[in-house]
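Trainee: Got a structure for you, written out below as structure tokens; questions coming shortly.
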Amino acid sequence: MNSGHQHRVFGKRAQEHILILASGDKVRHMTVRPWMAALAFCFVGVFSIGYLLATSYLVLRDDLIGATMARQARMQHDYEDRIAALRAQVDRITSRQLLDQQVVEDKVDKLMEQQMALTSRHGKLDNLLDRAESSGLTDKDGALPAPSSPVQSYAPDVKDKRASLTGGGIEAIEKQLASGAPADATPDNSTLAYVPTAETVGDRADRIFSKVTLSLKDVEQDQRNRVEQLTSDAGNAANAIESVLTRFKIPMPETAAKQDDEDAVGGPYVEPESKDDFNNSLVALDGALTRLEAVRSTAESLPFRNPAIGREVTSPFGNRRDPFLGRLALHSGIDFRFSPGEKIRPTAPGKVIAAGWTGGYGNMVEVDHGNGISTRYGHMSEVLVRVGDTVDRGDVIGLAGSTGRSTGTHLHYEVRQDGRAVDPVYFLNAGLKLATYIK
């Protein structure tokens, strides 16, 4: 019964294949199962695919090797191009840095020249401003502006130009130069050689040094304007003093000084050190101050001040009735009311040429002020100086009294020019006009 060879669920069972191998008297039977057939089929398929792949590799091996080598050559060429571009950019950056360094050094050299010039001017200006202040042309608040940074107040060391810019000058410049970011390198080889660079150190140096130079020029221009103004003021003051001195026929000291200079000068001709207009303006200011000082010194040596400020005038200069004779007589001075024993001071510095009892003057002191002008102080109760003494305006030459031809305690003040008595009022009025120019 075939029911034992059938499957109740899947139907008939596939019959197995049997291989009979006969070799002589030997007969072998081999049952070929389905899984064995599948395994053999898979092995044959894998072997066939491997054989085909090996055959294809052997056939296409040269092409594959060539393509690989070509790809490697292209990669190597790209890397070499990149390295060359980077090297070119490094060379450009190095060259630009060298150029920027040269630019900065050139700018520093120019600043050093300006600094040395301003330093040289600083000493001259200090002296001139002190003289102008002593002449009453300016004061501490009206002084010229002092040079700033990056300028210093001492002579720089040429050996180390960068270190010599002190006072925050070179440090500030270096901070400004280092504030900008450097140009970034691009990773793209195609644009590496043509990348637009950012602002470089040289560009920043040009911009910063231009600002510093303009600032120095502004300071220099302010100084020049101030020097010119002082020169004009000194000239005007000297002219005003000279106009007063001329009315009193006082010789101008400037003419004598020029004559003395022309009579005792000489030497080989050498080109001037500089043709700078600022130095010329300083020379002009120096000449104007010298002229002002000369005429001012002459004016201060003359009796233009009041010997008795605030005192009552009891008798002016001129013809009057003589208090003792009762007839007309010339009064050769001005009488000022004083209290007994009050101090008498001269109206200008000079040398005592008379001290003691002098006829109707009583106790009298006469002071010679030069230029043919002298002053007399009469009727003093006591004389405190001797002939030959040098006195100044603050010195006490005697005490007020009523000696000689006097009716009461007073000061007889007299001004003489070339031995002739002149009205002291002329000198007092001139002193009011010169009050702003003389001490």
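The values are calculated or read from the model by the stated rules, or taken from the named source; none is laboratory data. The structure presented is a predicted model; accordingly, all values stated were derived computationally and were not measured. Methodologically, a virtual Cβ is constructed for each residue, glycine included, from the backbone with ideal geometry; neighbour enumeration extends over all protein chains shown. Remember, those area values only see protein heavy atoms, side chains included, never the ligands or the DNA or RNA. Shrake-Rupley method; radii C 1.70, N 1.55, O 1.52, S 1.80 Å.
Trainee: One residue is enough: does segment 378-394 have a residue meeting the conditions under 58 Å from the mean Cα position of the chain (by Cα) and polar (S, T, N, Q)?
Mentor: yes
Trainee: Against the condition surrounded by 21 or more Cβ atoms within 10 Å (Cβ to Cβ) and among the aromatic types (Phe, Trp, Tyr), how does residue 426 come out, does it pass? Break it down stepwise before answering.
Mentor: Details: surrounded by 21 or more Cβ atoms within 10 Å (Cβ to Cβ): no; among the aromatic types (Phe, Trp, Tyr): yes.
Answer is no for this residue.
Trainee: Here is a follow-up. Condition check: more than 23 Å from residue 300 (Cα to Cα), part of a strand (DSSP E or B) and open to solvent by less than 30 Å² (accessible area, probe 1.4 Å). Does residue 354 satisfy that?
Mentor: Details: more than 23 Å from residue 300 (Cα to Cα): no; part of a strand (DSSP E or B): yes; open to solvent by less than 30 Å² (accessible area, probe 1.4 Å): yes.
Answer is no for this residue.
Trainee: Within segment 96-113, restricting attention to residues that are open to solvent by 60 Å² or more (accessible area, probe 1.4 Å) and not acidic (Asp, Glu), which residue is nearest to residue 215 (Cα to Cα)?
Mentor: Restricting attention to segment 96-113, the residues satisfying the condition of being open to solvent by 60 Å² or more (accessible area, probe 1.4 Å) are 96-99, 101-102, 105-106, 110, 113.
After this cut, where a residue has to be not acidic (Asp, Glu) as well, the list is 96-99, 101-102, 110.
Working: 96: 28, 97: 27, 98: 27, 99: 25, 101: 23, 102: 23, 110: 14 Å.
The residue in question is 110.
Trainee: Only residues in segment 235-252 that are open to solvent by 20 Å² or more (accessible area, probe 1.4 Å) count as the first member; pair them with residues that are of a type in the set (Phe, Trp, Tyr), Cβ under 8 angstrom, at least 6 apart or cross-chain, and list the lot.
Mentor: These pairs meet every condition: 240/437; 248/426; 248/427.
Trainee: Also, quick follow-up: Does any residue of segment 141-160 turn out to be among the basic types (Lys, Arg) and at pLDDT below 50? Quick ask: steps written out before the conclusion?
Mentor: If we filter segment 141-160 for residues that are among the basic types (Lys, Arg), which is where we start, we get 159.
In the following step, the residues that additionally are at pLDDT below 50 were identified as 159.
Checked against the condition, which is being among the basic types (Lys, Arg) and at pLDDT below 50, segment 141-160 yields at least one hit.
Trainee: Any chance you could count how many residues in segment 291-338 are under 60 Å from the mean Cα position of the chain (by Cα) and basic (Lys, Arg)? Step through it out loud before you land on a result.
Mentor: Residues of segment 291-338 that are under 60 Å from the mean Cα position of the chain (by Cα), as a first pass: 291-313, 316-317, 333-338.
Pick out the ones that are also basic (Lys, Arg) and you get 291, 296, 305, 311, 337.
Of the residues in segment 291-338, 5 are under 60 Å from the mean Cα position of the chain (by Cα) and basic (Lys, Arg).
Trainee: Of (1) open to solvent by less than 50 Å² (accessible area, probe 1.4 Å); (2) more than 16 Å from residue 311 (Cβ to Cβ); (3) in a loop (DSSP other than H, G, I, E, B), residue 376 satisfies all except one. Which?
Mentor: Result: residue 376 passes all but (3).
Trainee: Is one or more of the residues making up segment 414-437 under 30 Å from residue 289 (Cβ atoms), part of a loop (DSSP other than H, G, I, E, B) and either in contact with a Ser or Thr (Cβ under 7 Å, 6 or more places away or on another chain) or without any contact (Cβ under 8 Å) to a residue 40 or more places away in the chain (or both)? Step through it out loud before you land on a result.
Mentor: The first filter runs over segment 414-437 and keeps only residues under 30 Å from residue 289 (Cβ atoms), leaving 415, 417, 426-437.
Next, only the ones that are part of a loop (DSSP other than H, G, I, E, B) stay: 434-437.
If we keep only those that are either in contact with a Ser or Thr (Cβ under 7 Å, 6 or more places away or on another chain) or without any contact (Cβ under 8 Å) to a residue 40 or more places away in the chain (or both) too, we end up with 435.
Yes, there is a match, as at least one residue in segment 414-437 is under 30 Å from residue 289 (Cβ atoms), part of a loop (DSSP other than H, G, I, E, B) and either in contact with a Ser or Thr (Cβ under 7 Å, 6 or more places away or on another chain) or without any contact (Cβ under 8 Å) to a residue 40 or more places away in the chain (or both).
Trainee: Still on this structure, please answer the following. Is there a residue in segment 337-350 that is over 18 Å from residue 423 (Cα atoms), at pLDDT 90 or above, surrounded by fewer than 21 Cβ atoms within 10 Å (Cβ to Cβ) and in contact with a helix residue (DSSP H, G or I) (Cβ under 9 Å, 6 or more places away or on another chain)?
Mentor: Within segment 337-350, one or more residues are over 18 Å from residue 423 (Cα atoms), at pLDDT 90 or above, surrounded by fewer than 21 Cβ atoms within 10 Å (Cβ to Cβ) and in contact with a helix residue (DSSP H, G or I) (Cβ under 9 Å, 6 or more places away or on another chain).
Trainee: Look at residue 403 and say whether it is open to solvent by less than 10 Å² (accessible area, probe 1.4 Å) and in contact with a His (Cβ under 9 Å, 6 or more places away or on another chain). If you could, list the steps in order and put the result at the bottom.
Mentor: On the way: open to solvent by less than 10 Å² (accessible area, probe 1.4 Å): no; in contact with a His (Cβ under 9 Å, 6 or more places away or on another chain): yes.
Answer is no for this residue.
Trainee: Residues to consider are 219, 212, 283; find the one that is in a helix (DSSP H, G or I), at pLDDT 65 or above and within 30 Å of residue 92 (Cβ to Cβ).
Mentor: Of 219, 212, 283, the one residue that is in a helix (DSSP H, G or I), at pLDDT 65 or above and within 30 Å of residue 92 (Cβ to Cβ) is 212.
Trainee: Show the residue pairs that are 6+ apart or on different chains and have beta-carbon atoms under 8 Å apart, the first residue being within segment 379-397 and over 17 Å from residue 306 (Cα atoms) and free of Cβ contacts under 8 Å to residues at least 40 places away in the same chain, the second being among the small types (Gly, Ala, Ser) and not in a strand (DSSP E or B).
Mentor: 379/362; 379/402; 379/404; 379/406; 380/362
Trainee: In this structure, is residue 310 assigned to a helix (DSSP H, G or I), out of contact with any strand residue (DSSP E or B) (no Cβ under 9 Å at 6 or more places or on another chain), open to solvent by 30 Å² or more (accessible area, probe 1.4 Å) and modelled with pLDDT under 90? Don't jump to the end; show me each part of the working.
Mentor: On the way: assigned to a helix (DSSP H, G or I): no; out of contact with any strand residue (DSSP E or B) (no Cβ under 9 Å at 6 or more places or on another chain): yes; open to solvent by 30 Å² or more (accessible area, probe 1.4 Å): yes; modelled with pLDDT under 90: yes.
When the stated conditions are applied, residue 310 does not pass them.
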